[in-house]
Structures are given as C-alpha cells and as structure tokens.
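The structure appears below as structure tokens.
The values are calculated or read from the model by the stated rules, or taken from the named source; none is laboratory data. What you see is a predicted model, and the numbers here were worked out from it, not measured in a lab. Note: ideal-geometry Cβ built from the backbone for every residue, glycine included; neighbour counts use all protein chains shown. To get the accessible areas, we keep the full protein, side chains included, count just its heavy atoms, and leave off ligands, DNA and RNA. Shrake-Rupley method; radii C 1.70, N 1.55, O 1.52, S 1.80 Å.
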Amino acid sequence: MGIADKAKNAAEELAGKAKEAIGDLTDNKELESEGKTDQTKADLKNAGENIKDAFKK
C-alpha cells in the first residue's frame, strides 16, 4: 500500500471519528451514523489495499 493511500485512508477514518463525536455531542444521529459509515469505508479500503499487497508478494 502506498504512503499516500495510507494517509488518505487515515484522514478519512479520522474525519469519520470526528463526525461521529460531533453527532454524539449534538445528539445528531444522522451525523453520528455518517461518521460511522466513513470509518467503515476507510477500514474496507485498508483491507482491500492489504489484500492487493499480499498478492504483489
């Protein structure tokens, strides 16, 4: 996995955590859910990159 991909996925996960926290603090369930979704997407992208790396070896 490239460094740029790792940084991009980490940024997306961090943004998701921030959205989730803000949604929780403001009792905005939609924003909280969106944050969780963003985190899941970042995790799936990381998993996909790890699979690609495994096949490159």
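Per-structure values
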read-out: Accessible area in square angstrom per residue, the chain, 1.4 angstrom probe; value: 74 Å²
read-out: Contact order relative to length of the chain, as percent, for alpha carbon pairs under 8 angstrom and 6 or more apart; value: 39 percent
read-out: Convex hull per residue volume in Å³, alpha carbons only, for the chain; value: 44 Å³
read-out: Residue-averaged 222 nm ellipticity for the chain, from DSSP H runs of 4+ at -39500 (n - 2.57), nearest 500; value: -32000 deg cm²/dmol
read-out: Candidate lysines - alpha carbon under 20 Å from K45, same-chain residues fewer than 8 apart omitted; value: K6, K8, K17, K19, K36, K56, K57
read-out: Spacing of the two label points (7 Å from each Cα toward its C-beta) at T40 and A4, in nm; value: 2.9 nm
read-out: Accessible surface of the chain [probe 1.4 Å, protein heavy atoms]: carbon and sulfur percent; value: 59 percent
read-out: A47/D27 FRET efficiency (R0 25 Å; Cβ-Cβ; nearest 0.05); value: 0.20
read-out: Linear extension gain, A54 paired with K17, 0.36 nm per residue minus alpha-carbon span; value: 10.5 nm
